[in-house]
Amino acid sequence: MEVHRGAERRTAQLGELLARDLAGVTGDMAGHLAATIEPLQGDEQLLRLLAASTESNLDALARIMRYAVRATEPVAPIAAQEFARLLAQRGISSNAMVRAYRLGQEGLLDWALDQLAEMESDPAVAVAAARHLVELTFGYIDAISEQVVHTYEAERERWLAHRSTVRVAMVSEILGGGQPAIEAAERALGYRLRQQHLGIVLWSRGATSGLDMAVAERVLEALSRLTRAVGQPLVHARDRAVTWAWLPLGREAVLADPALLALEIEQYAGQVLVATGTPAAGVEGFRTSHLESLRAQQLAMAAGDAARPLTSYDDAEVRAGAMLAGDLESTRRLVRSALGRLAEDTAGSARLRETLHAFLGEQGSYTATAERLHLHKNTVRYRVERATEARGRPLDDDRFELELALVAARWLGSTVLVEPG
């Protein structure tokens, strides 16, 4: 009896420890799963949901361990169900999800047994606690995995039943580099390819929320109006959270004012984010503009909470930022090296970086920078001096790297900046 009570106490302590270090254990486990399960790699949306699902499941297990909860029918967390649905929409086998649960249980038990070895000197209590942990985790994983597989199958059936197979196949063929007969392709798509196109990606801001299609439609209407589109956009729902679209711009593409576009989309910033390519013509332009919009989206996704409502590949800084986002670790080193203390993630440093960025863009003119930022010239001079001091070296020293680092800081924010101190 004493061994049994000791085992329960140790299990509860492990639950408390897991709850306290939930973020750390989640990060390690989600990273291992992402690196091990090949079908999940390279899809930022899937990886974000994998992390959210991992955290919610570990949180539930921590409560079970702490309070000896023995629910006969635990309910799969919302994030876990959304992860299952997204896998179904991506056409990824449910085996990847089931494997994630098996590896997750293995990882949790490895972590728990390491902790147990440090906290318990009585072998009998340690063995009893280990058995208790296996029993609790197996019961939970068995019940939850059955539920998420059911969610996956239901979503896969629904998704297949409601999508236009022919249209999806044609979009996939074109994006994959195919050269279909133009007339046949246009009939399948219900969209004219012999014109200028603007590729667009719309996605939900929340990691576990689906894209509100009513909001997406309003955004596309606004973009169509401002770009003077000549017809209805071609819309392709990639999954519940991401939609691809193309605006038909006719023979002469109109470059809409970026400020007007951003202002129009700003009102939906809490629900949807938008990335756009640049106008391009024909089948190749259909593909190219879409690929550019994906690169702009990747930059926005890498920026995390710093992402702007609209990220346009037409902006030279976005094109540079997209390349910098492709290797975040190298970009972080560049930012630290080129900016010095100016790389600190504070409001004060952000003001100095923004002023310095404008100053360099205006070819070192205090007057032009003041007009651009609506500041007094003396304020600009003071901020530039402060920025130079924080950097720790003259502005002309590695000027190119300085400008790249300022672009990275502006578009990627906290992802590449350093904590103050």
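Coordinate-derived values only; no laboratory data. Just so it is clear, the structure is predicted and the values come from calculations on it, not from any experiment. Here Cβ is always computed from backbone atoms with ideal geometry, including for glycine, and neighbour counts include all displayed protein chains.
Near residue 82, once Lys and Arg are set to +1 and Asp and Glu to -1 for all other residues with Cβ below 13 Å from its Cβ, the sum equals +1. Against the chain, whose longest principal axis comes from its Cα atoms, helix 282-303 is set at around 60 degrees.
Overall, the stretch 266-352 carries a charge dipole of about 240 debye about its Cα centre when +1 sits on the Cβ of Lys and Arg and -1 on the Cβ of Asp and Glu, all other atoms neutral.
Averaging the sequence gap over all C-alpha pairs within less than 8 Å and six or more residues apart, then dividing by the number of residues, gives the stretch 327-415 a relative contact order of 40 percent.
Across the stretch 2-162, the mean sequence separation of Cα contacts (distance under 8 Å, 6 or more residues apart), normalised by length, yields a relative contact order of 34 percent.
Placing unit charges on the Cβ atoms of the charged side chains and taking the dipole of the stretch 290-421 about its Cα centre, the candidate lying farthest along the positive direction among 379, 347, 325 is 379.
Assign unit charges at the C-beta atoms only (+1 for Lys and Arg, -1 for Asp and Glu), then state the dipole size of the stretch 2-162 relative to its Cα centre in Debye, rounded to the nearest 20.
I would put it at about 300 debye.
Evaluated at 37 °C with a viscosity of 0.692 mPa s, what Stokes-Einstein diffusion coefficient in µm²/s does the stretch 195-322 have when Rh comes from the Kirkwood expression over alpha-carbon pairs? Taking Rh from Cα pairs, D becomes 232 µm²/s.
Of all DSSP beta bridges confined to the chain, the antiparallel ones make up roughly 85%. Count Lys and Arg as plus one, Asp and Glu as minus one, and take only other residues whose Cβ is under 12 Å from that of residue 153; the net charge is then 0. Dipole of the stretch 53-184 computed with +1 at Lys/Arg Cβ and -1 at Asp/Glu Cβ about the Cα centre; of 176, 121, 83, farthest Cα towards the positive end is 176.
Neighbours of residue 318, meaning other residues whose beta-carbon lies under 15 angstrom from its beta-carbon, give a summed charge of -1 when Lys and Arg score +1 and Asp and Glu score -1.
The separation of the stretch 342-374 from the stretch 220-289, counted between C-alpha centres, amounts to 31 Å.
Positive end of the dipole of the stretch 195-322 (Cβ unit charges, origin at the Cα centre): among 307, 283, 273, the Cα lying farthest that way belongs to 283.
Each of 56, 293 was scored by other Cβ atoms within 10 Å of its Cβ. Listed from fewest to most, they are 56, 293. All distinct Cα pairs of the stretch 347-421 go into the 1/r average, and the inverse of that average, the Kirkwood radius, is 12.6 Å. Normalised by residue count, the chain yields a Cα convex hull volume of 165 Å³ per residue.
Only Lys, Arg, Asp and Glu carry charge here, each on its Cβ (+1 for the first two, -1 for the last two); on that basis the chain has a dipole of about 980 debye about its Cα centre.
Quickly estimate the mean residue ellipticity at 222 nm for the chain, helices only: each DSSP H run with n ≥ 4 gives -39500 (n - 2.57), and the total goes over all residues, rounded to 500.
-22000 deg cm²/dmol, from helical runs alone.
Quick one: compute the contact order of the stretch 195-322, relative version, from alpha carbon pairs under 8 angstrom and 6+ residues apart, as a percent. Once divided by the residue count of the stretch 195-322, the mean separation gives 32 percent.
Annotation for the stretch 172-281: GluC sites (Glu not before Pro) lying in DSSP loop with at most 12 further Cβ atoms inside 10 Å of their Cβ are 252.
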